[in-house]
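Chemist: Attaching a single structure in structure tokens format; questions to follow.
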Amino acid sequence: MKHWILGAVMVAAASAAAILTPHQRLAAQYPISLEREIPGQFGDWTQVKDTVQVVESPQLQAGLKSIYAQVLAREYASRDGTRVMLSIAYTEDQSENSGKQSHRPEICYPAQGFRIQDRQRTTLQTTYGDIPVKQMTAIRDERQEPLTYWSTIGTHVASNEVEAKLTQLRYGFSGTVPDGVVFRVSSISTDGPSAFAQQARFVAALAQALAPATRVRMMGIPPAQGRV
């Protein structure tokens, strides 16, 4: 059934694309600077300089640069010594057939030799609303990296392919070219449940530190869902 629905959505999206040509770019209307808008210190967390343990091959880095307008990679430490890695990849064009749709960790990590296990969908709770996310563990040799991620199209979190296509279609009908991010938080840990709990704590603290407009774009949480 899911494949029938996705197929119908894709046909509708193709038909809409033939009729409508989006001309208003969300990225131009509301510019984003990840380096400026994501704080280096908030709540219990402080950025640790020059120690990010993200593993990316030169080939993958070249591919990322061709897709994303901005990529932010940082490592943060809490007062109790917990460390998490934050990676945000921002693309200015998430419209249908743009060729610049975000790459999911399920694709990027195996391309670097990792195997993926323990995939699950869950929800992270913040003061401002809930975020539907995916969690999994990437493993390569002795390295185990539990990670939590989600992707946005415009101001909406796209939790599956059908929702992503429908969101692209809605933006297309409005004449708008949406931007989007892949937002990933991960840890080097052999204790998955503990790592996921710390990542949830990190995201909740970051949500409180972001400006409302940035929070909408990064997390898909409109101010109406909670206090500003």
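Chemist: What distance in nm lies between label points placed 7 Å from Cα along the C-beta direction at ALA69 and VAL48?
Modeler: Modelled inter-label distance: 3.2 nm.
Chemist: Taking H as built 1.01 Å from N, whose amide H comes closer than 5 Å to the amide H of GLN94, not counting residues under 5 places away?
Modeler: ASP179
Chemist: Taking θ as phi - 60°, what are the ³J(HN,Hα) couplings along the stretch 152-161 by the Karplus curve (6.51, -1.76, 1.60), each to the nearest whole Hz, with x for Gly and Pro?
Modeler: Calculated HN-Hα couplings, in order: 10, 10, x, 10, 10, 7, 9, 8, 7, 5 Hz.
Chemist: Tally Lys/Arg at +1 and Asp/Glu at -1 over every other residue whose Cβ is under 14 Å from the Cβ of ILE131; what's the total?
Modeler: Within the 14 Å Cβ shell, the charges total +4.
Chemist: Ignoring ligands, DNA and RNA, what percent of the accessible area of the stretch 71-228 is carbon or sulfur (1.4 Å)?
Modeler: The C+S portion of the solvent-accessible surface of the stretch 71-228 is 47 percent.
Chemist: Before I look further, what does the stretch 101-206 give for accessible area per residue, probe 1.4 Å, in whole square angstrom?
Modeler: Accessible surface, normalised per residue, equals 41 Å².
Chemist: Please find the FRET efficiency linking GLU35 to ILE116, where r is the Cβ-Cβ separation and R0 is fixed at 22 Å, and quote it to the nearest 0.05.
Modeler: Once rounded, the FRET efficiency stands at 0.15.
Chemist: Hey, what do the phi angles of the stretch 183-195 turn into as Karplus ³J(HN,Hα) couplings, whole Hz, using 6.51/-1.76/1.60 and θ = phi - 60°, x for Gly and Pro?
Modeler: Once rounded to whole Hz, the list reads 10, 10, 10, 9, 9, 8, 7, 9, 10, x, x, 5, 5.
Chemist: In addition: Calculate the FRET efficiency for ALA213 and ARG170 from the Cβ-Cβ distance with a Förster distance of 22 Å, rounded to the nearest 0.05.
Modeler: Given R0 = 22 Å and the Cβ-Cβ separation, E is 0.65.
The values are calculated or read from the model by the stated rules, or taken from the named source; none is laboratory data. As the structure is a prediction and not an experimental result, all values here were calculated from the model. For neighbour counting, all protein chains shown are included, and Cβ atoms are generated from backbone atoms with ideal geometry for every residue, glycine included. To get the accessible areas, we keep the full protein, side chains included, count just its heavy atoms, and leave off ligands, DNA and RNA. Shrake-Rupley method; radii C 1.70, N 1.55, O 1.52, S 1.80 Å.
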